[in-house]
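Below you'll find the structure, written out as structure tokens, and then a few comments.
Read the figures in this text as sums done on the coordinates, not as results from a lab. Since this is a predicted model, take the numbers as computed values, not measurements. Cβ atoms come from the backbone with ideal geometry, glycine included; neighbour counts cover every protein chain shown.
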Amino acid sequence: MKIVEKNLRQGFVKVVPDSADDLWHLYNIVYKGDEVYAYSSRAMKSDTESSRPKSGERVSAFMGVTVESVAWDKFLGKLRVHGIICHAPDIIPTGAHHTISVALNQQVTIVKKEWPKHALDRLTKASQTEKPMLIIAIDDEGFAIAETKQYGVEIKVEERMKLPGKQEAEKRSGATNEYFKRTLNSLSQIWTPTHNPIVIVGVGFIKNDFAKFVSDHASAISEAVADVKSVNNGGISGIYEALRSGILLRAAHQMRIIEETEVMEEAMKRLGKGEATVTYGLEEVENAATMGAVEKLVLADTMLRESTEEQRLRLEKVMRDVEQRNGSVIVVSTEHEAGANLLALGGIVALLRFSVYRSVSK
């Protein structure tokens with residue numbers, strides 16, 4: 001994400017998204033009631049009797065809409081901002097509905113009445129280069145390869161198989177060699193276009209054996225291996241276990257998904273132990289924030305994106321209260337497991353500096 005210009009006095013920020021993750025960030029900071037400006041096209045309908053509206057000429061122009069809804073398609077890599085036209089050339093009527101499709105490498109201007117700190121922080125982080133990482137989880141029953149995204153992980157390939165038992169040493173050796181060749185071929189196809197760092201995780205000695213196989217047969221890929229770690233599972237289960245356990249932190253301490261997973265693990269641990277330094281639910285968190293007790297406020301992205309104007313203002317007041325008392329705010333993506341756990345708790349959790357009494361519902 002490139003930040004072209006920022007003028008908070010006038011309430012606007014101009015940005016140029018250059019990756020699918022950037023579109024995801026914009027999806028999470030553009031709210032109903034904001035104004036979004038970009039070049040867009042619109043079909044013009046002629047007033048003449050001979051006109052055919054369905055085949056009307058499309059006019060490209062710089063336009064602005066007052067946002068009513070935002071839609072993001074992570075598979076197609078598209079962001080659509082729908083609203084009421086508030087700015088357009090004279091040939092295009094204001095007040096009509098229109099959808100601006102935000103494309104990669106296209107400048108877009110976002111105008112808010114007030115920019116919350118978490119939204120500005122998100123843009124700043126997105127503007128800093130943050131390289132995705134490949135995770136390969138392997139055992140003797142198969143492997144999976146995933147690429148980390150700032151909204152979660154994308155499984156690139158999964159293959160299940162079963163090696164001969166250790167009692168059949170000769171068969172196992174030959175089968176393992178073929179298995180590693182196939183695995184390395186899949187990893188090479190995914191790694192070659194991006195040269196992203198790689199973390200190998202797996203069960204027992206097989207992960208180390210595979211790492212050595214990579215070193216012996218693909219030196220360039222081997223140099224990209226940032227770490228080799230143990231987990232209790234291979235395949236997709238091993239990838240999610242690696243994310244939950246925190247073993248990827250050394251290789252990707254900057255990655256948002258790791259931070260989100262780690263903070264939710266801490267919240268779940270405190271809740272599981274019945275500790276008093278954690279609370280959840282909007283009313284309880286509001287109370288804790290008012291008392292200056294919140295060290296970390298954890299909020300589901302959908303809470304901000306899908307809330308009513310009244311509820312969003314209430315949420316943003318809580319966020320300001322936390323930040324003014326040197327607490328931090330983490331907005332968690334609901335596109336991965338940590339976000340699902342947060343939604344199960346109502347979408348808002350606070351890790352506390354000290355315990356506060358929970359109110360009792362009647």
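Could you calculate the FRET efficiency of Arg80 with Leu120 from 1/(1 + (r/R0)^6), where r is the beta carbon distance between them and R0 is 35 Å, rounded to 0.05?
Values: r = 24 Å, r/R0 = 0.67.
The computed FRET efficiency comes out at 0.90.
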(message) Would any residue of segment 60-75 have its amide N under 18 Å from a label point 7 Å out along Cα→Cβ of Glu309? List them or say none.
(response) 65-70
(request) Give me the lysines in straight-line cross-link reach of Lys212: C-alpha distance below 16 Å, same-chain residues under 8 apart excluded. (result) Lys181, Lys229
(request) State which helices in the chain qualify, where a helix is a whole DSSP H run, it must extend 30 Å or more along its own axis by its Cα atoms, and its mean Kyte-Doolittle hydropathy must be at least -1.0. (result) 169-191
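Per 0.36 nm of contour for each residue apart, how much would the distance between Leu104 and Gln167 grow if the chain were fully extended, relative to their Cα-Cα spacing? Kindly include the intermediate steps, with their values, before the conclusion.
Values: separation 63, 0.36 × 63 = 22.68 nm, distance 5.49 nm.
Extending this stretch completely gives an extra 17.2 nm.
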(message) Checking the a/c ratio against 1.5 first, then a/b against b/c, what shape does the Cα gyration tensor give for segment 258-352?
(response) oblate
(request) Could you compute the FRET efficiency for Ala226 and Ala61, with r as their C-beta to C-beta distance and R0 at 45 Å, rounded to 0.05? (result) 0.45
(request) Work out the charge dipole of segment 168-324 with +1 on the Cβ of Lys and Arg and -1 on the Cβ of Asp and Glu about the Cα centre, then indicate which of Asn233, Gly281, Ala175 is farthest towards its positive end. (result) Ala175
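How much of the DSSP beta bridge set in segment 258-352 is antiparallel, as a percent to the nearest 5? Walk me through the numbers before you get to the answer.
Details: 8 of 13 bridges.
Around 60 percent of the beta bridges assigned by DSSP in segment 258-352 are antiparallel ones.
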(request) Report, in deg cm²/dmol and to the nearest 500, the calculated mean residue ellipticity at 222 nm for the chain, where each DSSP H run with n ≥ 4 adds -39500 (n - 2.57) and the sum is divided by the residue count. (result) -11000 deg cm²/dmol
(message) If you average the C-alpha positions of segment 137-173 and of segment 8-38 separately, how far apart do those two centres end up, in angstrom?
(response) 39 Å
(message) Can you tell me the length gained on complete extension of the stretch Ser127 to Ile92, counting 0.36 nm per residue apart and subtracting the Cα distance?
(response) 9.2 nm
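If you stretched the chain out fully between Asn208 and Ser69, how much longer would it get, using 0.36 nm times the residue separation minus the C-alpha to C-alpha distance? Walk me through the numbers on the way to the answer.
Details: separation 139, 0.36 × 139 = 50.04 nm, distance 4.89 nm.
Full extension of this stretch gives 45.2 nm more.
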(request) Give the shape of the chain as rounded, prolate or oblate, defined through the alpha-carbon gyration tensor: a ≥ b ≥ c are the square roots of its eigenvalues, a/c under 1.5 means rounded, and otherwise the shape is prolate if a/b is larger than b/c and oblate if not. (result) oblate
(request) Post the alpha-carbon centroid distance, segment 105-134 to segment 174-243, in whole angstrom. (result) 33 Å
(request) For segment 134-254, give the magnitude of the charge dipole about the Cα centre (Cβ charges: +1 Lys/Arg, -1 Asp/Glu; no others), in debye to the nearest 20. (result) 120 debye
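Out of all DSSP beta bridges in the chain, what portion is antiparallel? Express it as a percent rounded to 5.
Numbers: 58 of 73 bridges.
Given both bridge residues lie in the chain, the antiparallel proportion sits at roughly 80 percent.
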